[in-house]
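Notes to accompany the following structure.
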Amino acid sequence: GCVMSDRMILTGASASYGPSLLALLGSLDANWPAHPQVRIYDLGLDDATRQTLADHNCDVVEVPAFCSHWREHFTWKPWAWREAPADHVLWLDAGLVILRPMREAFDTIRRDGYFAVATSWSIETQASEAAYRACQVEQGFRGHLPGTATGNIGFDKTSPIDNLLEELHKLTLTEENVKAVEPSHRHEQALISLLLQRDFSPVHHHDTATYIGWESSEQTFDQATWVHRRQMHPRDLQAFADCIGQLGSRYQPRFEKVTHRPTLKQQWWKLRRRLLSKPNPNVAAPYNGVRDVAPQPSNETKPTESAA
């Protein structure tokens, strides 16, 4: 086992997020050279990415199948927060890059017990009825308030927040609690939003654009991260990956997002799936962040969760 440390940065990825994961690691070395140790949770990475991580002596932990839906609904995220052998942890999604040092995040974790960023959507749009029931609050509880983002979030596990993390993990083990039944539902994000409002109100949220800005790397003054969601230009992606191990090399993304336009064949199969799976093809299916198909021990293959 790993010796308990004071501070740790956490992230996780499956195969489709391999290039983004390497870009995140490179952005940390380039733009936050004094960053704490990083632990990577392997949700089914490809061999090439695993080899690159090994070449750089990265701390990689393979997530075990701790419940039947462990790779779905972001159920693995609260598990990782509890598993990490550090008092103060900061989770960064693999679909973002660091633009500058984020020392203030750990200062806030030490002071408040957590570091939280507001989402652009209200809790009531993100939480299912089952999520409200699981958190033992009435339907619509503080639903008008912004939710808490889980792509850039931190905790002091020596503080009362650890009880919340334990409850959150237990709630996610029941699939109904964490599963989306409408397109706007946000899984573990809805649960932690409700638990924070229930136990730590008023919740102190940091600025959305600064810490989870997604429009560009220059969305706001003093932006800390850019949530590119696998749409960063390949040259920027490679430039960041080349920064791994190059402490303080400084790199800022220079190119625009790229939008991958589906081929006619891909458009046809997408339309066919929608027509066959739902009576109304104009109604979006509930979001689950599915990117990869995990290898199954049996002949049965089911869609699974990715990191983002």
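The values are calculated or read from the model by the stated rules, or taken from the named source; none is laboratory data. No experiment lies behind these values; they were computed from the predicted model shown. Ideal geometry is used to build each Cβ from the backbone, glycine not excepted, and the neighbour counts take in all protein chains shown. All accessible areas refer to the heavy atoms of the entire protein, side chains included, with ligands and DNA or RNA removed. Shrake-Rupley method; radii C 1.70, N 1.55, O 1.52, S 1.80 Å.
Ordered from highest to lowest accessible area with the whole protein assembly present and a 1.4 Å probe, THR174, THR119 read as THR174, THR119. For the cross-link pairs LYS77/LYS179; LYS77/LYS157; LYS157/LYS179, the ones whose C-alpha atoms lie over 22 Å apart are LYS157/LYS179.
Summarising the strand pairing of region 1-150, around 10 percent of its internal DSSP beta bridges are antiparallel.
The accessible area of CYS58, taken with all protein chains in place and a 1.4 Å probe, comes to roughly 40 Å². For region 88-153, applying the loop criterion from DSSP together with a ceiling of 11 other beta carbons within 10 Å to the GluC sites (Glu not before Pro) yields GLU138.
Heavy-atom accessible area for LEU168, with the other protein chains in place and a 1.4 Å probe, reaches approximately 0 Å². Check cross-link reach from LYS257 to the aspartates and glutamates: straight Cα distance under 13 Å, and skip same-chain residues fewer than eight apart. Straight-line reach from LYS257, under 13 Å: GLU215, GLU218, ASP236. Evaluated with a Cβ-only charge set (Lys, Arg +1; Asp, Glu -1), region 154-193 carries a dipole of roughly 60 debye about its Cα centre, given to the nearest 20.
For the residues GLU188, GLU166, GLU218, a 1.4 Å probe over the protein chains yields an accessible-area ranking, largest first, of GLU218, GLU166, GLU188. Computed with a 1.4 Å probe on the full set of protein chains, the accessible area for THR158 sits at about 90 Å².
Over all pairs of different C-alpha atoms in region 1-131, the reciprocal of the mean inverse distance, the Kirkwood hydrodynamic radius, equals 16.0 Å. Annotation for region 33-108 versus region 113-132: alpha-carbon center distance of 22 Å. Taking chymotrypsin sites (Phe, Trp or Tyr not before Pro) across region 187-249, the ones in a DSSP loop with at most 10 further Cβ atoms lying within 10 angstrom of their Cβ are PHE221.
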